[in-house]
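Below is one structure, written out as structure tokens; the observations come after it.
Quick note: the coordinates plus some simple rules give every number you see, no bench work behind them. Model, not experiment: these values are computed from the prediction. Counting neighbours? That spans all protein chains shown, and the Cβs are built from the backbone with ideal geometry, glycine included.
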Amino acid sequence: MDDRTIQLGPHLVSGVIDNSVKGRTTGHLVFDGLDEPVLLDLAGNAKPDLAGCVVRFRRNHSEPLEPDVAELLESPQRGPVGRITAAGKSDARVTGREPVVPVLDIQWLNVAWLLRFVIEAEGCEFDIDLPRWTLSEDETAFQQRECESAEALFGQLCEEFEEDCLDEEISDDQFEKIDAILPRLEAAESDEEKLSLMRKALGPDVGEHELAGLFEAYFLPDFEPSFDAAPETDWTVGLLLVDEELRSLAAPLGDSARKLFDRVDAEEAPACIEELSENLGLLIFRLLVGSPLDFTDEGLLIHPDSMLRQLEEERRRCESVIAYLELEAAAGEKTAFHDLVWPLRKQLEVVAKRIRSKKPEPPSPGEGSEDDVPF
């Protein structure tokens with residue numbers, strides 16, 4: 001497990017998982033050391049053994065949570081389902097046979113904290129209602145692809161977050177070297193000249209991320225938001241619910257974006273393709289997963305105008321990348337990126353068409369506006 005994965009299994013006392021509404025999993029979890037249950041409001045379904053069911057469970061033993069882990073369990077927890085099942089596992093320690101040991105396996109991704117929470121708990125007593133609905137084979141395969149896409153995009157966001165935090169690794173010695181040449185840097189006529197002077201001062205071992213972090217610290221102004229308190233309004237006015245049809249239309253786009261991301265991650269790619277991959281990752285994550293601010297009791301909501309602008313921007317970016325790749329192919333340099341980027345343009349158009357067809361009527365004056373939406 002990586003350092004963004006939190007193991008909660010030993011601390012679980014009891015709980016309820018409710019997947020009676022397709023596409024949404026709610027419930028609560030009781031942990032040893034927390035005064036209140038942790039509520040769940042997750043996007044996605046349980047595995048076929050628990051899909052459509054309400055599951056109650058309890059354990060006879062648990063361990064207290066560490067205080068630093070307890071602080072991360074804010075309620076409600078929102079994000080995509082990773083895995084929810086009680087299918088069990090084989091216990092090979094019993095000679096001659098492999099009985100199934102009931103194991104509660106619950107995993108979800110917390111978008112706000114960029115954390116993966118994992119519960120693997122044996123010895124649970126279960127009370128499982130009959131399913132309200134079941135997953136077909138196609139729905140099960142779609143759910144698996146959706147989970148894989150969410151995991152890949154979650155990993156991409158974590159990488160970008162780690163890169164943003166690299167400036168914390170810059171040493172005091174490096175800051176002192178830059179301070180020593182600061183008058184020369186301030187007199188430099190271009191950013192390229194500044195970077196060249198900084199490279200010379202820091203020596204040949206300086207990494208590009210360290211250099212970028214130092215440049216940002218000295219020469220890029222801090223963002224200081226300034227806004228007046230907005231009047232209390234219904235912020236959901238004018239928003240669009242991400243329903244099953246829209247999710248199914250967005251799924252092929254998510255698959256294509258994940259394949260492009262995997263290829264970019266595995267081999268050197270032109271800068272324009274790297275930029276396309278990163279932007280698509282964030283767009284799909286917002287469309288299929290959302291953030292805590294995007295959820296109401298109905299489910300995930302998006303701002304249609306904002307999403308349409310993003311879709312159009314990425315469609316144009318696709319066209320530019322395709323034109324670049326066709327020039328490369330004409331010069332005898334055709335790569336696998338061409339076949340990965342080509343479907344994206346049409347898939348972006350399909351999703352945009354669906355959003356336009358379901359776009360709510362604009363709110364009347366005083367009912368709320370785009371500026372009131374907390375995205």
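A few notes on this one:
- Under the Karplus curve 6.51 cos²θ - 1.76 cosθ + 1.60, θ = phi - 60°, whole-Hz ³J(HN,Hα) for the stretch 51-66, x wherever Gly or Pro sits: 4, x, 9, 9, 10, 10, 8, 8, 10, 8, 9, 7, 10, x, 5, 6
- Placing R0 at 22 angstrom, the Cβ-Cβ distance between residue 180 and residue 208 gives a FRET efficiency of 0.55 after rounding to 0.05.
- Whole-Hz ³J(HN,Hα) from phi, Karplus 6.51 cos²θ - 1.76 cosθ + 1.60, for the stretch 180-196, glycine and proline x: 5, 10, 4, x, 5, 5, 5, 7, 5, 8, 8, 5, 4, 5, 4, 5, 5
- Label-point gap, in nm, between residue 248 and residue 274 - each point 7 angstrom along Cα→Cβ: 3.9 nm
- Contour minus Cα-Cα distance for residue 83 and residue 216 (0.36 nm per residue): 43.9 nm
- Amide H contacts of residue 13 (H built 1.01 Å from N, under 5 Å, at least 5 apart or other chain): 30, 31, 32
- Spatial extent of the stretch 246-291: Rg and Dmax, with the Cα atoms as the point set, Å: 11.0, 33
- Zone of residue 327's modelled label, taken as backbone nitrogen in the stretch 260-288 under 14 Å from a point 7 Å along Cα→Cβ: 270-273
- Ranked list, fewest to most other Cβ atoms within 10 Å of each Cβ, for 198, 307: 307, 198
- Full extension of the chain between residue 137 and residue 319 yields a length gain of 62.0 nm, computed as 0.36 nm times the residue separation minus the alpha carbon distance.
- Length gained when the stretch residue 262-residue 353 is fully extended (0.36 nm per residue, less Cα-Cα span): 30.0 nm
- Residue-wise HN-Hα couplings along the stretch 30-35, as the Karplus relation 6.51 cos²θ - 1.76 cosθ + 1.60 with θ = phi - 60° gives them from phi, are 9, 10, 5, x, 10, 6 Hz; Gly and Pro carry x.
- Exposure proxy ranking for 175, 31, based on other Cβ atoms within 10 angstrom of each Cβ and starting from the fewest, stands as 175, 31.
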